[in-house]
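These notes concern the structure reproduced below.
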Number of protein chains: 2
Amino acid sequence: MTSAAALEDVRAEFIDAVKSVIGDSRPGLHDPHFGGNEKHYLAECVDTGFVSSVGSFVPRFEQDLARFVGAAHAVAVVNGTSGLHLALVGLGVKPGDEVIVPALSFVATASAVALAGAVPHFVDVSDATWGISPEGLRSYLAGLLERRGEGFVNSHTGRPVTALVPMHTLGFPVDADGLAEVAGEFGLILVEDAAESLGSYDKGTHTGLAGQAAVFSFNGNKTITTGGGGAIITADPVVAERLRHLSTTAKLANRYEFDHDQVGYNYRMPNINAALGVAQLEQLPEILERQRALHNMYADAFEGLRIGHKPSETTGATSNYWLQTFLLDRKFAVHKNAILNACLDEGITVRPLWKPLNRLEPYRSSPSDKTPVADDLYSRLICLPSSPVLAG
Amino acid sequence: MTSAAALEDVRAEFIDAVKSVIGDSRPGLHDPHFGGNEKHYLAECVDTGFVSSVGSFVPRFEQDLARFVGAAHAVAVVNGTSGLHLALVGLGVKPGDEVIVPALSFVATASAVALAGAVPHFVDVSDATWGISPEGLRSYLAGLLERRGEGFVNSHTGRPVTALVPMHTLGFPVDADGLAEVAGEFGLILVEDAAESLGSYDKGTHTGLAGQAAVFSFNGNKTITTGGGGAIITADPVVAERLRHLSTTAKLANRYEFDHDQVGYNYRMPNINAALGVAQLEQLPEILERQRALHNMYADAFEGLRIGHKPSETTGATSNYWLQTFLLDRKFAVHKNAILNACLDEGITVRPLWKPLNRLEPYRSSPSDKTPVADDLYSRLICLPSSPVLAG
């Protein structure tokens, strides 16, 4: 068989299996699921005149989110990037610090660090969770860091290493408790990038509860959406209050005076976006069921294929299956781009994983461990049409 | 007459006049006016699934805004602060630069400079426009700056002074053409803070067109609102494209790869907010008429009062009368806080001007000229209930 014929077979095998799930529909990668009170609550905002950051849906969204996740406090912000930036600054990351982030993530994980004036330091992810593993991180930091004063510095750059931002990739939870232990050993602030993991659990505990704070995203492509939006959760009431204060221009509470006690941000989620979020949270259990059902549909459709398989959650982990994926076997990785193009030619919305962050122009000179697992996953993972409507 | 009796008279004189305008209604300082397609367009977002930053209302809002103002390009962002930050960074302000801003402004003017890593340098405003005047600025900069290489530095701090951000206070336009001349003389980037001046004109030209860029705000309290939102306008297509790129994580356009060529921001306005904005822009002429009518109602009500007057636009200027104000005569300034408290006790929403920015904790050590006019206006100006519904 010629190589061209082999490629043709690979493409057909993949596309036939995908079509057996999505039929003739051609949704986006992850279209939102609006089946509840969205229009009703939006109309309420217009009728009452409360569309901006002062309005009852904002605290209601925070409370509903905190209750679902099991967090003490939630602070709603304009998006996940801003949430990560705010959490890092509010928890004490300083300009010139280094912050440990996975090489495999959406760019926001690194840009939030850069926005804080700090330097992302990339580490590899594990084959098991696609996120940072406690064992790998402990070993890497032990070889990298040296104690200076109260904290640790990177022995090569001399910069303080002050925080760790693991990411729960595509909804698969990392071992955040294990990472919290490592963070404790090296005096690192732990902020979980839970942008993709609303509804994901590790050993029965929701993602985002292991460190000082965690950040969710409610962008249009996420499990639930507020249009644009994010939220920081934390167990610490002092931290919650500080982040809320910083997110609202650091304006001091008083009867009428405009007084601000530090450089603040305009990061508060508007009421209109929170209204959408409240309606969406009401449907979260149903959406999670659909995402899981869709995973099963794809797993069945890909069963027995020779070119790859549908990755599943590991023992003890509960994925929200936010983005459905197909992992090509290594010998078929060479066909990844051809498959992506063939799908897109047929109107099937697929995409690769993010290019590892340590290869991006703005971060090429940032410190990085070798990242063979991130590179491998990037070389052969395909993200599939994942809209909940497909399991409707 | 005792002093207590005198204060009682002052309060009564003021409150009676305000009540003659607002009657028994007790709106907020500036509640939005929703009388058009708001609910219709919001429902369209939900029905089509486009609520996030990809959606047809975002470019439509940008085009409608640009057309109204007379700008070539508009870039919609999450709020005015982010717009100012993005414009400064995108036009070349570097960390460590100094940026000239008025001492009299909402804190965002200074915090946007700080977010860019630069240092705000405060100057006074003029009695005539309540904003920076070309004559005052030229004289101040001539004494402050010295040429170094291609540009100018502050001769006291040695820092490059690279940009000027005048603000159109409460809708009263500054002489932006005059300021553009001064900016040209000293090689300064000119970014107009037009957050409050949508619908304000100087000699027939809309505010925001004199420099390299200008920024509007669509917060809930502005002339029109998108819930939270802002926009940058510019005549330069290259600048517009750069700002749009930076506002969307600096992601390169290609078929499926996630590649980013610089540190970017997550600043793009979501579609749901833009939908509200499109509906609001349709009503902008009517809202401006109401704001002007309300000015006339207050001017009539305050006619002949001994304690102060209603400030009006000066010759050649067209104010949008976004916030209605009352200027106490200097000898009654001592009663400002008592009047504010008395109004608030009766449920009448008033507020003072912003505390001058060079007095705020985070900016006390920033360079500043003396600011007697800003201090004077702060000491005696009262912002009145300004909701367009009051002129309905």
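The values are calculated or read from the model by the stated rules, or taken from the named source; none is laboratory data. Keep in mind the model is a prediction, meaning the values are calculated, not measured. In this analysis, Cβ positions are derived from the backbone assuming ideal geometry, glycine residues included, and neighbour counts consider all displayed protein chains.
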**OP:** Output the number of residues of the stretch B:308-322 satisfying the condition of being in contact with a strand residue (DSSP E or B) (Cβ under 8 Å, 6 or more places away or on another chain), of a type outside the set (Val, Ile, Thr) and surrounded by 14 or more Cβ atoms within 10 Å (Cβ to Cβ).
**Re:** 5
Original post:
Taking the stretch A:242-256, which residues are small (Gly, Ala, Ser) and on the phi > 0 side of the Ramachandran plot?
Top reply: A:ALA250
**OP:** Determine which single condition B:ARG159 fails, assuming it passes every other condition in (1) in contact (Cβ under 8 Å) with a residue 60 or more places away in the chain; (2) farther than 21 Å from B:ASN320 by Cα; (3) under 20 Å from the mean Cα position of the chain (by Cα); (4) surrounded by fewer than 24 Cβ atoms within 10 Å (Cβ to Cβ).
**Re:** (3)
Original post:
Among the residues of the stretch A:200-241, how many are of a type in the set (Gly, Ala, Ser), on the phi > 0 side of the Ramachandran plot and surrounded by fewer than 24 Cβ atoms within 10 Å (Cβ to Cβ)?
Top reply: 1
**OP:** Answer yes or no as to whether A:ALA342 is modelled with pLDDT of 95 or more, surrounded by 19 or more Cβ atoms within 10 Å (Cβ to Cβ), over 12 Å from A:LEU104 (Cβ atoms) and of a type in the set (Gly, Ala, Ser).
**Re:** yes
Subject >> Lone qualifier among B:PRO95, B:PRO59 - being without any contact (Cβ under 8 Å) to a residue 60 or more places away in the chain, of a type outside the set (Lys, Arg) and touching a Gly at 6+ places or on another chain (Cβ under 7 Å) >> reply: B:PRO95
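Among the residues of the stretch A:1-32 satisfying the criterion of being among the hydroxyl-bearing types (Ser, Thr, Tyr) and part of a helix (DSSP H, G or I), which is farthest from A:ASP300 (Cα to Cα)? Steps first, answer last, please.
From the stretch A:1-32, those among the hydroxyl-bearing types (Ser, Thr, Tyr) are A:2-3, A:20, A:25; that's our starting set.
Right, trim to part of a helix (DSSP H, G or I) and you get A:3, A:20.
Values: A:SER3: 28, A:SER20: 10 Å.
Selected residue: A:SER3.
Would you confirm whether or not the stretch A:79-100 contains a residue that is of a type outside the set (Asp, Glu) and within 25 Å of B:ILE224 (Cα to Cα)? Working first, answer last.
First, pick out the residues of the stretch A:79-100 that are of a type outside the set (Asp, Glu): A:79-96, A:99-100.
From what's left, within 25 Å of B:ILE224 (Cα to Cα): A:79, A:82.
Within the stretch A:79-100, one or more residues are of a type outside the set (Asp, Glu) and within 25 Å of B:ILE224 (Cα to Cα).
Given the structure, is B:THR325 over 30 Å from B:ASP9 (Cβ atoms), buried (at least 19 other Cβ atoms within 10 Å of the Cβ) and in contact with a strand residue (DSSP E or B) (Cβ under 6 Å, 6 or more places away or on another chain)?
For B:THR325, the condition - over 30 Å from B:ASP9 (Cβ atoms), buried (at least 19 other Cβ atoms within 10 Å of the Cβ) and in contact with a strand residue (DSSP E or B) (Cβ under 6 Å, 6 or more places away or on another chain) - is not met.
The rows are residues; the columns are (1) within 30 Å of B:VAL123 (Cα to Cα); (2) within 14 Å of chain A (Cβ to nearest Cβ); (3) surrounded by fewer than 23 Cβ atoms within 10 Å (Cβ to Cβ).
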residue	(1), (2), (3)
B:SER20	no, no, yes
B:ASP24	no, no, yes
B:LEU65	no, no, no
B:PHE68	no, no, yes
B:ALA71	yes, no, yes
B:ILE100	yes, no, no
Original post:
Hey, A:VAL77 hits all of (1) out of contact with any Lys or Arg (no Cβ under 9 Å at 6 or more places or on another chain); (2) farther than 10 Å from A:ASN271 by Cβ; (3) crowded, with 24+ Cβ neighbours inside 10 Å; (4) not hydroxyl-bearing (Ser, Thr, Tyr) but one; which does it fall short on?
Top reply: (1)
**OP:** Determine the pairs where a residue that is at positive phi and facing another protein chain (nearest Cβ under 10 Å), located within the stretch A:27-42, has a partner that is in a helix (DSSP H, G or I) and surrounded by fewer than 22 Cβ atoms within 10 Å (Cβ to Cβ) with Cβ atoms under 7 Å apart, the partner being 6 or more residues away or on another chain.
**Re:** none
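Residue-by-condition table, conditions (1) facing chain B (nearest Cβ under 10 Å); (2) touching a Phe, Trp or Tyr at 6+ places or on another chain (Cβ under 9 Å):
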residue: A:LYS331; (1), (2): no, no
residue: A:HIS335; (1), (2): no, yes
residue: A:ASN341; (1), (2): yes, yes
residue: A:LEU344; (1), (2): yes, yes
residue: A:ARG351; (1), (2): yes, yes
residue: A:LEU357; (1), (2): yes, yes
residue: A:SER365; (1), (2): no, no
residue: A:LEU381; (1), (2): no, yes
residue: A:PRO385; (1), (2): no, no
Original post:
Considering B:VAL69, B:VAL78, B:VAL113, B:VAL119, which residue is without any contact (Cβ under 8 Å) to a residue 60 or more places away in the chain and assigned by TED's automatic domain parsing to the domain that holds B:SER197?
Top reply: B:VAL113
**OP:** Among the residues of the stretch B:47-58, write down those that are touching a helix residue (DSSP H, G or I) at 6+ places or on another chain (Cβ under 8 Å) and crowded, with 19+ Cβ neighbours inside 10 Å.
**Re:** B:PHE50, B:VAL51, B:SER52, B:SER53, B:GLY55, B:PHE57, B:VAL58
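Give the residue that is modelled with the lowest pLDDT, with candidates limited to residues of the stretch A:53-62 that are within 14 Å of chain B (Cβ to nearest Cβ) and either assigned to a helix (DSSP H, G or I) or out of contact with any strand residue (DSSP E or B) (no Cβ under 6 Å at 6 or more places or on another chain) (or both). Quick ask: steps written out before the conclusion?
Keep residues of the stretch A:53-62 that are within 14 Å of chain B (Cβ to nearest Cβ), which gives A:53-58, A:61.
Subsequent filtering for residues that are either assigned to a helix (DSSP H, G or I) or out of contact with any strand residue (DSSP E or B) (no Cβ under 6 Å at 6 or more places or on another chain) (or both) retains A:54-58, A:61.
Numbers: A:VAL54: 90, A:GLY55: 93, A:SER56: 97, A:PHE57: 98, A:VAL58: 98, A:PHE61: 98.
The selected residue is A:VAL54.
Picking from B:GLU135, B:GLU146, which residue would you name as being farther than 22 Å from B:ASP375 by Cα and over 16 Å from the mean Cα position of the chain (by Cα)?
Of the residues listed, the single one that is farther than 22 Å from B:ASP375 by Cα and over 16 Å from the mean Cα position of the chain (by Cα) is B:GLU146.
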Subject >> Leading residue by the ranking (farthest from the other protein chains (Cβ to nearest Cβ)) among those in the stretch A:262-319 that are under 26 Å from A:SER126 (Cβ atoms) and free of Cβ contacts under 8 Å to residues at least 12 places away in the same chain >> reply: A:THR315
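If you scan the stretch B:8-26, which residues turn out to be among the hydrophobic types (A, V, I, L, M, F, W, C) and touching a residue at least 40 places away in the same chain (Cβ under 8 Å)? Let's see the steps before the verdict.
Keep residues of the stretch B:8-26 that are among the hydrophobic types (A, V, I, L, M, F, W, C), which gives B:10, B:12, B:14-15, B:17-18, B:21-22.
Answer for the stretch B:8-26, where residues must be among the hydrophobic types (A, V, I, L, M, F, W, C) and touching a residue at least 40 places away in the same chain (Cβ under 8 Å): B:VAL10, B:PHE14, B:ILE15, B:ALA17, B:VAL18, B:VAL21, B:ILE22.
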Subject >> Among the residues listed as B:GLU135, B:GLU150, B:GLU196, B:GLU192, the single one being in contact with a Phe, Trp or Tyr (Cβ under 9 Å, 6 or more places away or on another chain) and either over 29 Å from B:SER247 (Cα atoms) or in contact (Cβ under 8 Å) with a residue 24 or more places away in the chain (or both) >> reply: B:GLU196
